[in-house]
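*Asks:* Quick one: this structure, given as structure tokens, is what I'll be asking you about.
The values are calculated or read from the model by the stated rules, or taken from the named source; none is laboratory data. The structure displayed is predicted, hence computed values, not measured ones. In this analysis, Cβ positions are derived from the backbone assuming ideal geometry, glycine residues included, and neighbour counts consider all displayed protein chains.
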Amino acid sequence: MRIFSGNANRPLAQAIATHLGMPLGEMHCGRFPDGEVKVEIQDDVRGADIFVVQPTTSNDFLMELLVMCDALRRASANRITAVIPYFGYARQDRKHQGRVPITAKLVANLITAAGFHRLLTVDLHAQQLQGFFDVPVDHLTALPVQVEYLAKLQLVDPVVVSPDTGSIKLADKIAKQLGAKLAIIDKRRIGDSKTEVANVIGEIGKRPAIIVDDMITTAGSMTNAIRTARDFGATRVIPMTTHPVLCGDAFERLSEANLDELVITDTIPLKRRFAELPIKVLSVAPLLGEAIKRIHTNQSVSSLFK
């Protein structure tokens, strides 16, 4: 078994390799002078079980993933698993209007066509994305890591808040594990990056509020939810997400939100300028490491969550 990494999240790949007690595979992943991806595998991988760690946070990193797979396949690797902690283009999973693509399916086709034998990922934006792939998919959730951290905070009578109707199932799972109440913010979208809050279903009140979502991009939904939770009496607000995409106006919005604490995971590296904000980073390296070990030894991955 060997672990390789592109340039998208090398620290996470190194942490996974360290958890498994093995070195990270030697590979050069750079660029030619014209910007094309250049990959050279520097280890013998013939007949090996290979895991490539690479979140697809940009088109460049997606291309790196595809080229790495081709290099490994041509080097006679036995099995190649794409470890994609964050799957980009996941929100383009259906036609919400005429004459638009289903890009998530296209990217799934590209990953399969490149030669990957299976996929390991964390908290897909929509469960049905697993069916877009024509290879086996092991879909992990960061819930064990998140719930463990929340339990250590020893919050008194917390409420778990879903920032919109799309995150209800996630919020409900966390609420049940913590024995907490559940509230839902009915969000109405008025554009690709702008939202407005219409109503709150359930009671927030004078208690700690944990706001959970699978990702934060421009932080519009999350900052609206933080503001709403405070307006409805929350004594402390803890926004929590798996994927800190954090682009566009996210820094300005979060800076103005007067955060108590923002809890994220390391599926995506935290951008440098966000380091000045009160952010807690939880690592999914042990979770991914255990899943990789089980895939390699043909054991059940789903039993990790029982």
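*Asks:* Restricting to the stretch 290-306, give me the number of residues that are surrounded by 14 or more Cβ atoms within 10 Å (Cβ to Cβ) and within 21 Å of the chain's Cα centre (by Cα).
*Replies:* Total satisfying the criteria: 8.
*Asks:* Of these, L259, L246, which one is buried (at least 20 other Cβ atoms within 10 Å of the Cβ) and more than 20 Å from K169 (Cα to Cα)?
*Replies:* L246
Let's see how each residue does on (1) under 18 Å from the mean Cα position of the chain (by Cα); (2) part of a helix (DSSP H, G or I); (3) closer than 22 Å to A13 by Cβ; (4) basic (K, R):
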| site | (1), (2), (3), (4) |
| --- | --- |
| E148 | yes, yes, no, no |
| K152 | no, yes, no, yes |
| V161 | no, no, no, no |
| I168 | yes, yes, no, no |
| K176 | no, yes, no, yes |
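*Asks:* Next question, about the same structure. Answer yes or no as to whether A17 is assigned by TED's automatic domain parsing to the domain that holds P136, under 30 Å from T218 (Cα atoms) and not charged (D, E, K, R).
*Replies:* No, not satisfied.
*Asks:* While we're on this one: Take the stretch 266-282 and flag every residue that is surrounded by 16 or more Cβ atoms within 10 Å (Cβ to Cβ), β-branched (V, I, T) and more than 16 Å from A219 (Cα to Cα).
*Replies:* T267
*Asks:* For residues that are assigned to a strand (DSSP E or B) and without any contact (Cβ under 8 Å) to a residue 24 or more places away in the chain, tally how many sit in the stretch 280-303.
*Replies:* Number of matching residues: 1.
*Asks:* Where the second residue is aromatic (F, W, Y) and the first is closer than 12 Å to I295 by Cα and lies in the stretch 108-120, which pairs have Cβ atoms under 8 Å and are six or more apart or on separate chains?
*Replies:* Correct list of pairs: L119/F133; L120/F51.
*Asks:* Considering only the stretch 103-112, state which residues are surrounded by 14 or more Cβ atoms within 10 Å (Cβ to Cβ) and either polar (S, T, N, Q) or in contact with a Gly (Cβ under 6 Å, 6 or more places away or on another chain) (or both).
*Replies:* Selection gives T103, T112.
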